[in-house]
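What follows is a set of notes on a single structure, which appears directly below.
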Amino acid sequence: MPIKEDFTQETWRVFRIMAEFVEGFDELSKLGPAVTIFGSARTQPGTPYYDLAVETAAAFVKADMSVITGGGGGIMEAANKGAIEAGGTSVGLNIELPHEQKPNEYQNLSLSFRYFFARKTMFTKYADGFVCLPGGFGTLDEFFESLTLIQTLKMHRFPVVLMGTDYWKGLLEWIEKVMLAGGNISPEDIDLYTLTDDPGVAVDIITKSQKKWIEPNGVVKRKK
């Protein structure tokens, strides 16, 4: 294929990427206080973690926060459902995938993304905290990326809450007994996340830091 044609295709890809950022910034900049809730797309309605996601999202709405999810099924659907039923703003940042991802019906603000990295920017830029419920590779990616951004000072520190003690405890034990013991992370990195099964605790942690950022030196500053 001619070089000129290749260049043209790449140029148009840049414009598509820019369009996703522009739309995301425009729509979400007016959102106000919000929490991003992550979790598996495969969790079925009526299961304990699905119900926990519904309850948790509703609790955040009652605390005057919007709820952001990846817009798909499972935990994402449950969180959007909890937000809608509680009368709040329910945001779905949907992603185009060849399988699994189908926008759920519980969104009153819905955006569609082709690129994961543009979508991830929206998750972090417009949330006052993360809640991670049980999930697969995508949820783990989102959990560890948030910790990496905070640890490397690419993003101001904000709360990261893991919900589902039985699900996460093995991973957290490995982090402490292998990663920390091997010197691959610092002792203070363990404090970057909190584990709980209580929606009230999750809400309390995130609302207390709302509109504030904790700097690496421990100083609390107001967000601009």
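Inside region 155-183, can you point out the residues that are under 23 Å from T47 (Cα atoms) and of a type in the set (G, A, S)?
Listed by number, the residues that qualify are G164, G170.
Which residues, taken from region 18-53, are of a type in the set (V, I, T) and exposed (fewer than 15 other Cβ atoms within 10 Å of the Cβ)?
Listed by number, the residues that qualify are V22, T47.
Within region 28-45, how many residues are in contact (Cβ under 8 Å) with a residue 60 or more places away in the chain and closer than 17 Å to M65 by Cα?
Summing the residues that are in contact (Cβ under 8 Å) with a residue 60 or more places away in the chain and closer than 17 Å to M65 by Cα in region 28-45 gives 9.
Within region 121-148, count every residue that is more than 25 Å from N184 (Cα to Cα), of a type in the set (D, E, K, R) and at pLDDT 90 or above.
The number of residues fulfilling the criteria is 1.
Could you list, ordered by first residue, the pairs with Cβ atoms under 6 Å in which the first is in region 65-81 and more than 12 Å from L93 (Cα to Cα) and the second is basic (K, R), at least 6 apart or interchain?
G74/R42
Which residue pairs have Cβ atoms closer than 6 Å, lie 6 or more positions apart in sequence or on different chains, and pair a first residue in region 112-132 that is under 17 Å from I205 (Cβ atoms) with a second residue that is hydrophobic (A, V, I, L, M, F, W, C) and part of a loop (DSSP other than H, G, I, E, B)?
Short answer, once both residue conditions are applied: G129/F158.
What tally of residues in region 165-187 results from selecting those that are more than 20 Å from F38 (Cβ to Cβ) and surrounded by 10 or more Cβ atoms within 10 Å (Cβ to Cβ)?
Residues flagged as more than 20 Å from F38 (Cβ to Cβ) and surrounded by 10 or more Cβ atoms within 10 Å (Cβ to Cβ) within region 165-187 amount to 10.
Given the conditions (1) under 21 Å from V61 (Cβ atoms); (2) outside any strand (DSSP E or B); (3) not small (G, A, S), which single one is not true for I175?
(1)
Quick one: I68 ticks every box in (1) modelled with pLDDT of 95 or more; (2) over 14 Å from the mean Cα position of the chain (by Cα) bar one, so which box is it?
Among (1) modelled with pLDDT of 95 or more; (2) over 14 Å from the mean Cα position of the chain (by Cα), the lone unmet condition for I68 is (2).
Is it true that E77 is buried (at least 24 other Cβ atoms within 10 Å of the Cβ), charged (D, E, K, R) and assigned to a helix (DSSP H, G or I)?
yes
In region 46-64, how many are without any contact (Cβ under 8 Å) to a residue 60 or more places away in the chain and among the hydroxyl-bearing types (S, T, Y)?
2
Can you name every residue in region 88-147 that is surrounded by fewer than 22 Cβ atoms within 10 Å (Cβ to Cβ) and touching a Pro at 6+ places or on another chain (Cβ under 9 Å)?
Answer for region 88-147, where residues must be surrounded by fewer than 22 Cβ atoms within 10 Å (Cβ to Cβ) and touching a Pro at 6+ places or on another chain (Cβ under 9 Å): N94, S110, S112.
Take region 19-65 and flag every residue that is of a type in the set (S, T, N, Q) and in a helix (DSSP H, G or I).
Matches in region 19-65: T56 only.
The values are calculated or read from the model by the stated rules, or taken from the named source; none is laboratory data. Note that this is a predicted model, so its numbers are computed, not measured. In this analysis, Cβ positions are derived from the backbone assuming ideal geometry, glycine residues included, and neighbour counts consider all displayed protein chains.
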